[in-house]
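Following: one structure in structure tokens, then a few remarks.
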There are 2 protein chains.
Amino acid sequence: MTVTLADVAARAQVSPATVSRVLNGNYPVAASTRERVLKAVDELDYVLNGPASALAAATSDLVGILVNDIADPFFGIMASAIQSEIGGPGGRAGGERLAVVCNTGGSPERELTYLTLLQRQRAAAVVLTGGAIEDAQHKAAMDAKLRKLADAGTRVVLCGRPQAPETGAIALTFDNRGGGQELTEHLIRLGHRRLGYIAGPEERTTTRDRLEGHRDALAAHGIEEDPRWTVHGRYDRRSGYEATLELLRRDPSLTAVVAANDSVALGACAALRESGRRIPDDVSVAGFDDLPFSVDAVPALTTVRLPLAEAGARAGRIAMGREEAPPGGIASVRGELMVRGSTAGPRG
Amino acid sequence: MTVTLADVAARAQVSPATVSRVLNGNYPVAASTRERVLKAVDELDYVLNGPASALAAATSDLVGILVNDIADPFFGIMASAIQSEIGGPGGRAGGERLAVVCNTGGSPERELTYLTLLQRQRAAAVVLTGGAIEDAQHKAAMDAKLRKLADAGTRVVLCGRPQAPETGAIALTFDNRGGGQELTEHLIRLGHRRLGYIAGPEERTTTRDRLEGHRDALAAHGIEEDPRWTVHGRYDRRSGYEATLELLRRDPSLTAVVAANDSVALGACAALRESGRRIPDDVSVAGFDDLPFSVDAVPALTTVRLPLAEAGARAGRIAMGREEAPPGGIASVRGELMVRGSTAGPRG
DNA sequence: CTGTTAGCGCCTTCAG
DNA sequence: CTGAAGGCGCTAACAG
């Protein structure tokens, strides 16, 4: 029914082993026999059986990519970059590798489940993107799982996620704290003293790091933070909208709103406008990430650009062993403050 | 070194066959033995070998998703929705299925290559998203490939892509033409007579359908189209920016610009503003898709909402055989005109 | 450079 | 309900 290696071998009048060799190209084969084999492959319309190949060779051409939300460009951009680097020569039979994108939705259980599934597939590598969940128990379970993956020969790379020592994983972390600090310092320099902060979900490293950076800046300038000025939400525009209304309710005199990311900032802008405030005349707004749409906001969003595509590409290369891991297995990737129209000095 | 089924069997004092049966849950097993097996699995920290399992059973738990660009929310949203529906019971050993997301970048070769790779993996299903490339030769190659996949038992579903008769694929198409027509009619009703159109890349069904809808509307209202009013570009904001400058150069008297999608529309807005035109006072702008950021544009974008998440979810269910295919194997999904602030009557 | 020989780890009839 | 046995399709030593 289905064509197998043996069929090709018979037609090309060689042994199955030879066919395997020309297909995998990892072994010397005479040009003439190779031709013959390729011809037979073509005539028979043969397609290698991946599972069988993976079983025999004890490796697969699958690379796992864990993301919180693939519909969010923040993750989409990284996933795309990772994917663009995992192909190329080196894989089995042709060198093309397949990206298995796993949408965890930020759920600890799904994260673990996907890792097990990837382990089951004997994935060649796994890249975990975005912040981690700050639950001690979950972290321990994750670390144990990552260690097992690494021990089984799967390369594990973290992209935009804090290092997990002792797991054998390579980490490319984002300097969220530094970026957050720079951003808030920018606002303080402009003269703001009453700053609202819309944080992401609690128990997330990204959320905490950015918030800590914000507080570092406030502290450095002797600004005492009012507890009313911080609200937690999700990383989407809807949440930014609602959180902003809440902030305005708590303290209508805020002159700036710093958002956990750009999507949240867009929601904040909408809420501010609806409440009759002008940006940046009445209230300044700042985001984080610098996603593609941020420059098109009106006014354009002041934000911290994270080199998502570059980091993803690098993570992909490291995962494939095509780039050396950074010294110590960890590298911090800095963000760049992008000052645009959404921030200005407070009125008066 | 690595734990196998046999190890688990030994520890649970049953045969490998029994272990396999409890793991796959497709066969009656006494509750007590099941307990014992599960306990052994747990104690040994056993993880099923996916490739071996797939080889023996001749099916896998992988589902392919082809997208043009995963960094684009248009595809990210569909991918996310598809993914959310492919899990659940029905798969091997636990019922979790893995989504293999393939970024084709709109390249015909990559599209074909990925399909072969998925075929090699014996994917359980494949969902192709977004418009197709309109090259006769490529189409023939694609159709042949889809047919082979279907014949091999892989369920093939098209989501937002025109039907491919004779391939055994189920199609959920978007009514791009109808949406395009409605959008332009809206502008015409507002009084516009000089409308620029920024089309997507040539040779794409989506591009052509939307453009044809636009022209249908013009024709229906007896508006003769000036060849200068149409420019082709890519589906990104940069392209929209450049195309708009080109349109303005060709005919500064345009009162409306219709863009191939929302990202292009954002770029158009930026170009118009930079050229000193107000939106919608001087020029109206319309997009397509209604991506999440479109409502946050200032002014908010008039566009055609495509139910991407719903369509993706449905495609996922059909791919998993959890929802019946539409009659005739094809269903057209309509868009909804979203009238917002970026369009208004022309001045004067 | 090429053929032979064993498995890789699991599933699935077939008996019992 | 459970065990035994064969094979899924391919690769990786070994020889030659």
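One residue stands out in the range A:23-42 among those that are free of Cβ contacts under 8 Å to residues at least 24 places away in the same chain and aliphatic (A, V, I, L, M): the one that is nearest to the other protein chains (Cβ to nearest Cβ), namely A:38. Of the listed requirements (1) of a type in the set (A, V, I, L, M, F, W, C); (2) touching a Lys or Arg at 6+ places or on another chain (Cβ under 9 Å); (3) over 30 Å from residue B:77 (Cβ atoms), residue A:190 misses just one: (2). Residues in the range A:99-150 that are within 10 Å of chain B (Cβ to nearest Cβ) and outside any helix (DSSP H, G or I): A:99, A:100, A:101, A:102, A:103, A:105, A:121, A:122, A:123.
Does the range B:66-76 include one or more residues that are more than 11 Å from DNA strand C (Cβ to nearest atom) and more than 29 Å from residue A:124 (Cβ to Cβ)? The answer is yes; a qualifying residue exists. For the range B:322-344, a tally of residues being buried (at least 17 other Cβ atoms within 10 Å of the Cβ) and assigned to a helix (DSSP H, G or I) returns 1. Which of the residues that make up the range B:64-73 are within 10 Å of chain A (Cβ to nearest Cβ) and open to solvent by less than 30 Å² (accessible area, probe 1.4 Å)? Across the range B:64-73, the qualifying residues are B:64, B:65, B:67, B:70, B:71, B:72, B:73.
Which residues, counting only those in the range A:309-321, are open to solvent by less than 20 Å² (accessible area, probe 1.4 Å) and more than 14 Å from the chain's Cα centre (by Cα)? Let's see the steps before the verdict.
Going residue by residue through the range A:309-321, those that are open to solvent by less than 20 Å² (accessible area, probe 1.4 Å) are A:311-313, A:315-316, A:318-319.
A:318, the sole residue that qualifies.
Step by step: first the residues of the range A:28-62, then only those that are near DNA strand D (Cβ under 8 Å from one of its atoms) and assigned to a loop (DSSP other than H, G, I, E, B), then the one that is nearest to residue B:116 (Cα to Cα). Which residue is that? Among them, the one singled out is A:47.
Can you name the residue in the range A:1-16 that is loosely packed, with under 14 Cβ neighbours inside 10 Å and polar (S, T, N, Q) and is also farthest from DNA strand D (Cβ to nearest atom) among such residues? Give the derivation first.
Filtering the range A:1-16 for residues loosely packed, with under 14 Cβ neighbours inside 10 Å gives A:1-2, A:6, A:13, A:15.
Narrowing the set further to residues that are polar (S, T, N, Q) leaves A:2, A:13, A:15.
Numbers: A:2: 5, A:13: 16, A:15: 7 Å.
Residue satisfying both the conditions and the ranking: A:13.
Cβ separations smaller than 9 Å between residues 6+ apart or across chains give the following pairs from the range A:313-324 residues that are aliphatic (A, V, I, L, M) to residues that are open to solvent by 50 Å² or more (accessible area, probe 1.4 Å) and not in a loop (DSSP other than H, G, I, E, B): A:313/A:84; A:318/A:155; A:319/A:155; A:320/A:155. When the range B:273-295 is filtered for residues that are of a type outside the set (Phe, Trp, Tyr), within 23 Å of the chain's Cα centre (by Cα), within 12 Å of chain A (Cβ to nearest Cβ) and surrounded by 23 or more Cβ atoms within 10 Å (Cβ to Cβ), the ones remaining, listed by number, are B:287, B:291, B:294. If you go through the range A:247-263 and keep only what is farther than 23 Å from residue A:345 by Cβ, open to solvent by less than 50 Å² (accessible area, probe 1.4 Å) and assigned to a helix (DSSP H, G or I), you end up with just A:263.
For the range A:2-15, which residues satisfy the criterion of being more than 6 Å from DNA strand C (Cβ to nearest atom) and on the phi < 0 side of the Ramachandran plot?
Restricting attention to the range A:2-15, the residues satisfying the condition of being more than 6 Å from DNA strand C (Cβ to nearest atom) are A:2-13.
Across the range A:2-15, the qualifying residues are A:2, A:3, A:4, A:5, A:6, A:7, A:8, A:9, A:10, A:11, A:12.
Scan the range A:43-63 and give yes if some residue there is surrounded by 20 or more Cβ atoms within 10 Å (Cβ to Cβ), under 31 Å from the mean Cα position of the chain (by Cα) and more than 9 Å from chain B (Cβ to nearest Cβ), otherwise no. Within the range A:43-63, one or more residues are surrounded by 20 or more Cβ atoms within 10 Å (Cβ to Cβ), under 31 Å from the mean Cα position of the chain (by Cα) and more than 9 Å from chain B (Cβ to nearest Cβ). Scanning the range B:330-348 for residues that are of a type in the set (Gly, Ala, Ser) and at pLDDT below 95 gives a single hit, B:348. Take the conditions (1) under 28 Å from residue B:45 (Cα atoms); (2) within 14 Å of chain B (Cβ to nearest Cβ); residue A:96 misses just one of them, which is (1). For the range A:16-36, residues that are more than 9 Å from DNA strand C (Cβ to nearest atom) and in contact with a helix residue (DSSP H, G or I) (Cβ under 6 Å, 6 or more places away or on another chain) total 0.
Residue A:19 meets each of the listed conditions (1) buried (at least 16 other Cβ atoms within 10 Å of the Cβ); (2) within 10 Å of DNA strand D (Cβ to nearest atom); (3) at the interface with another protein chain (Cβ under 8 Å from one of its Cβ atoms) apart from (3). Test residue B:80 against the criterion of being of a type in the set (S, T, N, Q), within 16 Å of DNA strand D (Cβ to nearest atom) and crowded, with 17+ Cβ neighbours inside 10 Å, and give yes or no. So residue B:80 fails the test.
The values are calculated or read from the model by the stated rules, or taken from the named source; none is laboratory data. The structure presented is a predicted model; accordingly, all values stated were derived computationally and were not measured. Every residue, glycine among them, receives a Cβ derived from its backbone with ideal geometry; neighbour counts consider all protein chains shown. Note: areas computed on protein heavy atoms with side chains; ligands, DNA, RNA excluded. Shrake-Rupley method; radii C 1.70, N 1.55, O 1.52, S 1.80 Å.
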